[in-house]
1. Looking at segment 371-383, I want the residues that are without any contact (Cβ under 8 Å) to a residue 40 or more places away in the chain and have a partner that is among the polar types (S, T, N, Q) with Cβ atoms under 6 Å, at least 6 apart or on another chain. Which pairs are those?
2. Can you tell me which residues in segment 43-69 are under 16 Å from LEU234 (Cα atoms) and surrounded by 21 or more Cβ atoms within 10 Å (Cβ to Cβ)?
3. Quick check: anything in segment 18-26 of a type in the set (Lys, Arg) and over 18 Å from the mean Cα position of the chain (by Cα)?
4. Going through segment 356-374 one residue at a time, which ones are in contact with a Pro (Cβ under 8 Å, 6 or more places away or on another chain) and more than 16 Å from ALA308 (Cβ to Cβ)?
5. If I ask for residues that are modelled with pLDDT under 95 and either of a type in the set (S, T, N, Q) or over 24 Å from the mean Cα position of the chain (by Cα) (or both), which ones from segment 139-153 would you list?
6. Among the candidates SER221, SER237, single out the residue that is touching a Gly at 6+ places or on another chain (Cβ under 9 Å) and small (Gly, Ala, Ser).
7. I'd like to check something: does segment 210-230 contain any residue that is out of contact with any Lys or Arg (no Cβ under 6 Å at 6 or more places or on another chain), closer than 21 Å to GLU32 by Cα, part of a strand (DSSP E or B) and not polar (S, T, N, Q)?
8. Whether any residue in segment 245-267 is in a loop (DSSP other than H, G, I, E, B), among the acidic types (Asp, Glu) and within 16 Å of the ligand (Cβ to nearest atom) is what I want to check.
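The values are calculated or read from the model by the stated rules, or taken from the named source; none is laboratory data. Worth saying up front: this structure is predicted, and the values here are computed from it rather than measured. Using ideal geometry, Cβ is built from the backbone for each residue, glycine included, and neighbour counts are taken over all protein chains shown.
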Amino acid sequence: MADRSSALLNTATPVVGHSCRLCGKATLQELESFRALPRVTSDCKPWSAGGRLAVCTSCGATQKLADAAWLAEIAAIYDSYTIYHQSQGAEQPIFSGQGAPLPRSVQLADYLTQQLGRRDRLSLLDFGCGTGAALATFAQQYPDWALYGSELSVKSLPALRKLPGFVDLFTCPPEKIPARFDLITLIHSLEHVLEPIGTLAALAGKLEEAGHLFVQVPDCSSTPYDLLIADHLLHFSSDTLRFAGERAGCTTIALSDAVLPKELNWIGRAGRNTPAPLCPPDPRLALARARRQLRWLYALAGAAEKVAVNSRCFGIFGSSTSGTWLYGLVPEQTQFFVDEDPGRIGRQHMGVPIVSAEAIPDGADVFVPLLPKLAASVATRLRRRGVRFFVPPQIDSEISQHEAALS
Ligand SMILES: [Zn+2]
């Protein structure tokens, strides 16, 4: 799997029969080397290779090809979806480095209140509300708000009904939702949506006069792992997220990559202020980035496989996306996960124990599959006699410089 020639890693083939989900043009180029990479699901389970990744040479939107095989795969993934199963459903906390970690939706609620100014008795629709993690936070912090959810099924309805302020759950398409709202949130849902522009436009049409749309998605420019998530159809960067919002007929009010690590937050309002034509993002940046990220993932896989097969006691740091993906490459060799989240330590992930850093066995080899800088800081912090830590190779600097020259 790891022996990919650089020629194949650079191959991009024009795609027939699919058009770009953001700009609508038939200008997609498939990055063929992605097909051989094992993947991982957004609820952290290993998933086999076989996905198809493309970049639009008109607008730079990086996206999976939603062919019949992909649609069948996501149906299977959603059918057995168990979010945060590593900690029995508790949200993954955000470690900011200062003070105690906060659940991600508490940080998000703080940001939104700050940006919009707190308003009593707001009506909020969370589109793609899942099991209601964000709605629960809003209910707790703003008991006066009227809360609505939207999902594909009514599976979560009994849990949602217990939330103070909860009014209704919609399972109809967005344009059929029979109400208007002051705030509509899409928290980690737009990257799964088949018709992102149509969905945003339909939701913008459900806003009250001065209402706002809020979108939070993973930032594909900050981590190569986003590409590996099998059920993420779209891989947004700041410029393609803004482009999507504006193509849906909205005005951008705020766009930030600094609220939560590896996340983008966009706030918009229905209607454009200026009639200026939309300027699509530079696609060369996106193509260079996707190629660089695929090269790094192959290099990382090769390095980790080498350590694992030569180790008598092999462990992986982290039990979320990157750790689970790495486990999928070397399931036989993996004897433990290391995690610093107290909600996970002592449990199992993929039938393998999750241990604290202090409990790593003597003589163990631990691979830290984080971005090189972060991995190095973890390895330095946890350094201990008798335990060897391994970090991924550097990300290809030649391409990084090319990107810098383009930007
Ligand atoms: Zn496009």
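1. Hits for this filter: PRO372/GLN394.
2. GLY51, LEU53, ALA54, VAL55, CYS56, CYS59, GLY60, ALA61, THR62, GLN63, LYS64
3. Looking for residues that are of a type in the set (Lys, Arg) and over 18 Å from the mean Cα position of the chain (by Cα), one finds at least one in segment 18-26, hence yes.
4. Passing the criteria: LEU370, LEU371, PRO372.
5. Of everything in segment 139-153, those that are modelled with pLDDT under 95 and either of a type in the set (S, T, N, Q) or over 24 Å from the mean Cα position of the chain (by Cα) (or both) turn out to be ALA139, GLN140, GLN141, TYR142, PRO143, ASP144, TRP145, SER153.
6. SER237
7. yes
8. No, segment 245-267 has no match at all.
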